[in-house]
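Structure first, then comments.
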Amino acid sequence: MEVDSGNGVVERKQSIYKSLDESFEIQKEMYRGQQYSQIYFARLHLMRTLLYSLIPTWKPHLPVCTVLGLEQGKECIIVGTLFKHMKLKPTILDEYSKERSASPLVKPHNFMHSDDYLILEDESGRVKLRGTILVPSVYVTGLVVALHGKETGAGDFMVEDILEAGLPPQIDRPLNPNGDDKYVVFVSGLSVGSSSANPLQFQLFVDHITGHLGDEKEQGIAAKIVQVVIAGNSVEFPRGLFNGQNLGSKEQSKLSEPTKELDILLTQIAAGIPLDIMPGTSDPANFALPQQPLHKCLFPGSAAYNTFRSCTNPHSFELDNVRFLGTSGQNIDNLAIYSDASSRIDFLERTLKWRHMAPTSPNTLGCYPFTDRDPFFVEACPHVYFIGNQDKYVTSLIQGSDNQVVRLISIPRFAETGTAVVMNLKNLECHALSFGTQFD
Amino acid sequence: MDYVVGDGHNEFLQSSSGLAAIIRIFGVTKEGHSVCCFVHGFEPYFYANCPSGMGPDDIFRLHQILEGKMKETNNNYKAPKCIRRIELVQKRSIMYYQQETSQPFLKIVVALPTMVASCRGILDRGIQIDGLGIKSFMTYESNINFSLRFMIDCNIVGGNWIEVPRGKYNKISRSLSNCQLEFYCLFSDLISHAPEGEFSTMAPYRILSFDIECAGRKGHFPDPSHDPVIQIANVVTLLGEGQPFVRNVMTLKSCSSIADVDVMSFDTEKEVLLTWRDLVREVDPDIIIGYNICKFDMPYLIERADVLGIAEFPMLGRIRNSRVSIKDTTFSSRQHGTRESKEVTMEGRVQFDLLQAIQRDYKLSSYSLNSVSAHFLNEQKEDVHHSIISDLHNGNSETRKRLAVYCLKDAYLPQRLLDKLMFIYNYVEMARVTGVPLSFLLSRGQSIKVMSQLLRKAKQKNLILPNVKQAGSEQGTFEGATVLEARTGFYEKPIATLDFASLYPSIMMAYNLCYSTLVNPEDARKLNLPPECVNKTPTGETFVRSNLQKGILPEILEELLAARRRAKADLKEAKDPLERAVLDGRQLALKISANSVYGFTGATVGQLPCLEISSSVTSYGRQMIEHTKRLVEDKFTVLGGYEHNAEVIYGDTDSVMVQFGVSSVDAAMKLGREAADYISSTFINPIKLEFEKVYYPYLLISKKRYAGLYWTNPQKFDKMETKGIETVRRDNCLLVKNMVTECLNKILIERDIPAAVQYVKNTISDLLRNRMDLSLLVITKALTKTRDSYKVKAAHVELAERMRKRDAATAPNVGDRVAYVIVKAETNAKAYERSEDPIFVLENNNPIDHKYYLENQISKPLMRIFEPILKNANKELFQGSHMMSKNNCTPNIGIAKLFGKQLSCIGCKTPISNSDHTLCSQCKGREAELYCKSIANVAELEELFGRVWTQCQECQGSLLQDVLCTSRDCPIFYRRKKVQKDMEQAKQELDRWNF
């Protein structure tokens, strides 16, 4: 872990790493015919307990009802899982629909429609929600909320106020303003093997963070990088390669080439810096969240280093007691299809306040049918919350009512933007690191 | 105070004292109060011919003889007088053209409606009258239902507003019915308002939609003698209002509450049934609807109450203390075929079974509530298997709630279908147009409607209809409609279609074809009619022209079509959606009625067949099609100054397809219009050839089988239209339908024949490689009777038997639909032995019989499509490398099982020792590649797993409850099952990598 700089040795900083991926790992759990009702039930149970504990401080004077116990005109609070009825939501049944429209539908970037409406469900039943307070475009299916309102004559529930779970409690972050700078580098969407990937750009990135580029000062900064996180979509395979047919030798190599290339580059990083690699949509990993670690047989070179860690997606860890939580982007991308926000960072903030990373799973976002738990429930507030594979680099710092401070990061796709993100562990400050290969 | 009463239903009643028929009219007022009106004074009667020379004295004698005979044949008639009176009236028979305006007829008025038939019998057989000898009488209008007779004579139609003026009615002191208003009056005091203007509004009918659940025993279809009724769900709606105002469910044993629904739980079945009876009485619905209620729910409830000995249950009608009874009826009609059903009469309430209505009006591949709602409402219905129903019922109040929710949905769906398809509007309009009561429309065929119109019209003209003895089909059949030889092929130039607008009605109008204009061959000679006054039809019949005497049928048709034009014009103006619904229903009813007049004259077992008319109509039709073809091909030629020679490629009953040779749709439309106008001018008014549409491109497969894109404006096609092509046949698997549709899409819309061929090849290849979604291969057939009563061995029957041996509880019963796939078996196994339950196939990996699917399912329909297009269609599609079968899955039963499970290499399937875990020595080194394949497989399955199971959650309308649905009609049912199983396996294989 040393960088040879010609005139002496620059020692690379180190930090204490603790993996928190356990809850995202699927070990003993099997597909045994279970359905999705159980994860919804687990979620409702977890979130409701939490919301119930908040109601006495929110609206202590109001009674809490179940959907069944609603009485017309009586003000109360109900807690349940939201279901958004969406006119444009595509369904698998469309594949079987009798008539095809003459002109193919233009796929909208988002399936919202002004007729969408929300329904609240608990074990006792469902009730349609009304009112201007609860905006269907903001909320999604699968979210658990507490609502204040009353039943109308038509049997609907007129919502007057909403209680979301709010930011979870946060462990204290070690505050040492005078301490050392330590950097964490985030990168995503390397897309090795795709047409948009530029091998030179990636090599530049590797050389830069490993300290093989730049002058002494830059090497000094590089030496302060204590962790690299690759947030998904590291490789990309040509489409249609996995159609179940036996592959010719040419295709076999097409399949193994991108991972080989990736392995070579990752070996260079892992040789110097601890490296976490998360699976993403395009990686050779399973589809449903939580995605399980990429298999080590894909990385014969880099996997030999103990600095190389293949992680789950979502991924959570601590570095010097700073807590990280992040995904390769699927949860937020899915929210963006089924709801509206001004930016990706807003979605990020929303999921933290909802205390649920992926409310749309399993409804529109594939996930494992857990039976007794919901790993996407955010129990403790991270200090850093990141998502990979976004259009551009955006960051913000939010503060909670309990003095929680969270750095939100949207990591751009490297293959398209040439940009990685660097964050200082000391003060959570963040900047972009761009690599151009054009020489003007 | 005066009442406006909508007529729902009427029938007669014998009052015990006066021994006269009393008509009961049930209905609702504008305000929604139910009404029962007893109408007195209307007497049953019929006509008979008056033999020449019969004087008043003879009539008196006839009266006495008849009276005597009546008493003799039936001493049950306790009436002092059976024959009230016999009058001599001046009428004319509708049959044959006659020069005299009228002749004397006998009008025989009897005491009770049932006496009409027996009196007719006596007269038919002939009676001895002193001085006249034995005379047999021809009777007229003696086979008319009494209530219809009343309606005709009082000018009342179905769904009519009736007014009873102030002071003309009396309240009944001791009420006989459960209606809110009840009174009696004299028939002559009724004022019928024609359904126009303010009286065209719909009455605010109260509609009850219900569904019952029964706890069947395992392996048996519910049987009222054993299985209890456990739940009844009800939804009550007021016609024209969007939301139901009552939703409730009655359950046996406790049931958790359901939001927005009144749940009533009882400890005994008796209470459930009686509560339901009370609900029916209290809600007092005018119309009771449901799905298959006539054959299942209603009879079940009544029989069950009978088994339980609840005598007071079946009093569901509007008349107090009158029991509902069940009768087996068969309804047969030429149009709809024969259907057996049960008739449950419920006084004052119309039962409207959505299943029957949809079977009548729509041609679907399946009529299960699930597929019907998928078709019309675009949603899948959750289906709970009857073996699960008992489990749910025997669980706790939560599981019973689950069942109740399901039951409620089934009660609400018929209501939604009713609204969506606007059945009430269409049927009430039909009743108004044709003048029959609403209940006739469902229980009787087309002919009663025409009969009703004919009688009404004849009454105005002082004509009477003879009662023709049923001659059976002896009169023989006549030549049907012509179809011009189809020049099959794929036409890539626009094909203009010239249609005759309402061809048969127009012919009847143009040539004045009617009973009353037909000249009897004998009369023809006698009368010596001038040739300018008659038309000789191509079949040699003679009809007088309208200048001599206008026919009744043409007049009825003219009125119908004029009314339709008016309705259509009003429809254009109308803004209010309800008003539009009524008008649209009306114009449709008018169209159907106009078209059924021709059928009425041709129905040999009908009320008044007249083959002279119907055969003349078709012969004129044939002539016209040929005439059109000749004119088009003579006029539109290069010689005639046109760019191309026109060619008639096909002609159907009332349309002719012409290829003008031009290549643009616009030009074809211009020529089409020109041709239509030109040819129309050569026809007698109102026969008119219209140009409506262009097909481009057009694939003509054979007679009555074609497909094409349908253009009505030159910019953009409207839709793809197919006729007679396998897109909806139910004994085909879904794969056939999908392939046909996709091929037609590729050929007609994308205009890419090679792509269509490639698609077929790919699909065949997928089929051979076992990569086909099993649900696409499932064939379903209804198990209509027990195995023994099937004469030949059929695949689905044999399978049902085998399934019963495996597990009697889930095996299909008579009445169920059996789903099966054809699997491989020993070489000489018969087809019926190779049928297998799709679930069983999924669980045991049985290999699919590809050959069967290729040869018996997909080959013929595809060949039909491709033959006109490709030269060597068979070679192109069914020969080549894609036919090489590669993956044959091995069943995990039989030999494989004996040897236990040995690991094989994931890469090359070579058996490996257990210590090697994953790969054989040869495949080591290919780990990355092979792992990628394994994981890609898992990823694909996971994605599918998520999509199908969340879809099922959406259909069942709950996230927190397990999906129970076992609807085999649902396209994703097998996929759902398969992905669950595949997932398990794929996960196991993946786990082998983690050593």
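The values are calculated or read from the model by the stated rules, or taken from the named source; none is laboratory data. None of these values were measured; they are calculated from a predicted model. Reconstructed Cβ throughout: ideal geometry from the backbone, glycine too, with neighbour counts over all protein chains shown. When the accessible area is computed, the model is the full protein with side chains, heavy atoms only, and any ligands, DNA or RNA have been set aside. Shrake-Rupley method; radii C 1.70, N 1.55, O 1.52, S 1.80 Å.
Applying the condition of being of a type in the set (Asp, Glu) and open to solvent by 30 Å² or more (accessible area, probe 1.4 Å) to the stretch B:340-392 and asking which residue is farthest from residue B:209 (Cα to Cα) yields B:391. With respect to residue A:333, determine if the residue is at pLDDT 90 or above and within 14 Å of chain B (Cβ to nearest Cβ). Spelling it out, it is not the case that residue A:333 is at pLDDT 90 or above and within 14 Å of chain B (Cβ to nearest Cβ).
Annotation note: Cβ proximity below 9 Å between a residue of the stretch B:759-778 that is assigned by TED's automatic domain parsing to the domain that holds residue B:741 and a residue that is assigned to a helix (DSSP H, G or I) and among the acidic types (Asp, Glu) (sequence gap 6+ or interchain) occurs for B:759/B:742; B:760/B:742; B:760/B:876; B:761/B:876; B:763/B:742; B:772/B:766.
Of all residues assigned to the stretch B:283-291, at least one qualifies as being in a helix (DSSP H, G or I) and surrounded by fewer than 23 Cβ atoms within 10 Å (Cβ to Cβ). Taking the condition under 19 Å from residue A:54 (Cβ atoms) and hydroxyl-bearing (Ser, Thr, Tyr), does residue A:351 pass? So residue A:351 fits the description; yes.
Is at least one residue of the stretch B:948-964 in contact (Cβ under 8 Å) with a residue 60 or more places away in the chain, open to solvent by 30 Å² or more (accessible area, probe 1.4 Å) and either of a type in the set (Val, Ile, Thr) or touching a His at 6+ places or on another chain (Cβ under 9 Å) (or both)? The answer is yes; a qualifying residue exists.
Out of all the residues in the stretch A:141-152, is one or more farther than 28 Å from residue B:951 by Cα, open to solvent by less than 10 Å² (accessible area, probe 1.4 Å) and away from chain B (no Cβ under 14 Å)? The answer is yes, given that some residue of the stretch A:141-152 is farther than 28 Å from residue B:951 by Cα, open to solvent by less than 10 Å² (accessible area, probe 1.4 Å) and away from chain B (no Cβ under 14 Å). Considering the stretch B:196-224, and only residues there that are in a loop (DSSP other than H, G, I, E, B) and open to solvent by less than 30 Å² (accessible area, probe 1.4 Å), the residue that is farthest from residue B:41 (Cα to Cα) turns out to be B:219.
Got at least one residue in the stretch B:410-419 being over 24 Å from residue B:346 (Cα atoms), surrounded by 18 or more Cβ atoms within 10 Å (Cβ to Cβ) and in contact (Cβ under 8 Å) with a residue 24 or more places away in the chain? No, the conditions are met nowhere in the stretch B:410-419. Report yes if residue B:431 is in the same structural domain as residue B:250 (by TED's automatic domain parsing) and buried (at least 17 other Cβ atoms within 10 Å of the Cβ), otherwise no. In short, yes.
Pairs meeting the criteria (first residue in the stretch B:710-722 and facing chain A (nearest Cβ under 8 Å), second residue among the aliphatic types (A, V, I, L, M) and part of a loop (DSSP other than H, G, I, E, B), beta carbons under 7 Å, at least 6 apart or on different chains) are B:717/A:102; B:719/A:102. Just one residue in the set A:193, A:214 is open to solvent by 40 Å² or more (accessible area, probe 1.4 Å) and either more than 30 Å from residue B:928 (Cβ to Cβ) or modelled with pLDDT under 85 (or both); that residue is A:214.
Scanning the stretch B:928-946 for residues that are farther than 16 Å from residue A:257 by Cβ, more than 7 Å from chain A (Cβ to nearest Cβ) and among the aliphatic types (A, V, I, L, M) gives B:941, B:944. Working only within the stretch B:292-322, note down all residues that are among the hydroxyl-bearing types (Ser, Thr, Tyr) and in a loop (DSSP other than H, G, I, E, B). Listed by number, the list holds a single entry, B:322. Summed over the stretch A:313-349, residues that are free of Cβ contacts under 8 Å to residues at least 40 places away in the same chain and under 13 Å from residue A:408 (Cβ atoms) total 2.
Note on the stretch B:102-179: no enclosed strands (runs of 3 or more DSSP E) hold 3 or more residues that are touching a helix residue (DSSP H, G or I) at 6+ places or on another chain (Cβ under 8 Å) and closer than 30 Å to residue B:433 by Cα. Pairs meeting the criteria (first residue in the stretch A:76-87 and farther than 10 Å from residue A:112 by Cα and more than 9 Å from chain B (Cβ to nearest Cβ), second residue open to solvent by 10 Å² or more (accessible area, probe 1.4 Å) and among the basic types (Lys, Arg), beta carbons under 7 Å, at least 6 apart or on different chains) are A:76/A:150; A:77/A:59; A:79/A:48.
If you go through the stretch B:703-712 and keep only what is at pLDDT below 85 and either surrounded by 19 or more Cβ atoms within 10 Å (Cβ to Cβ) or on the phi < 0 side of the Ramachandran plot (or both), you end up with B:703, B:705. Across the stretch B:965-995, the number of residues qualifying as of a type in the set (Val, Ile, Thr), closer than 14 Å to residue B:382 by Cα, more than 7 Å from chain A (Cβ to nearest Cβ) and crowded, with 21+ Cβ neighbours inside 10 Å comes to 0. Whenever a residue of the stretch B:166-178 is within 16 Å of residue B:24 (Cα to Cα), its partners that are among the basic types (Lys, Arg) and open to solvent by 40 Å² or more (accessible area, probe 1.4 Å), lying with C-beta atoms within less than 9 angstrom and at least six residues away or across chains, give the pairs B:175/B:320; B:176/B:320; B:177/B:320; B:178/B:281; B:178/B:320.
Candidates in the stretch B:371-398 are the residues that are away from chain A (no Cβ under 13 Å) and out of contact with any Ser or Thr (no Cβ under 9 Å at 6 or more places or on another chain); of these, the one that is modelled with the highest pLDDT is B:394. Scan the stretch B:655-696 residue by residue and report those that are in a helix (DSSP H, G or I) and open to solvent by less than 60 Å² (accessible area, probe 1.4 Å). Within the stretch B:655-696, B:665, B:667, B:668, B:669, B:671, B:672, B:675, B:676, B:679, B:680 meet the criteria.
Taking first residues from the stretch B:36-60 that are more than 23 Å from residue B:20 (Cα to Cα) and partners that are open to solvent by less than 10 Å² (accessible area, probe 1.4 Å) and outside any strand (DSSP E or B), the Cβ contacts under 7 Å between residues at least 6 apart in sequence or on separate chains come to B:49/B:137. If the condition is being within 13 Å of chain A (Cβ to nearest Cβ) and assigned to a helix (DSSP H, G or I), then the stretch B:744-782 contributes B:744, B:745, B:746, B:748, B:749, B:762, B:765, B:766, B:768, B:775, B:776.
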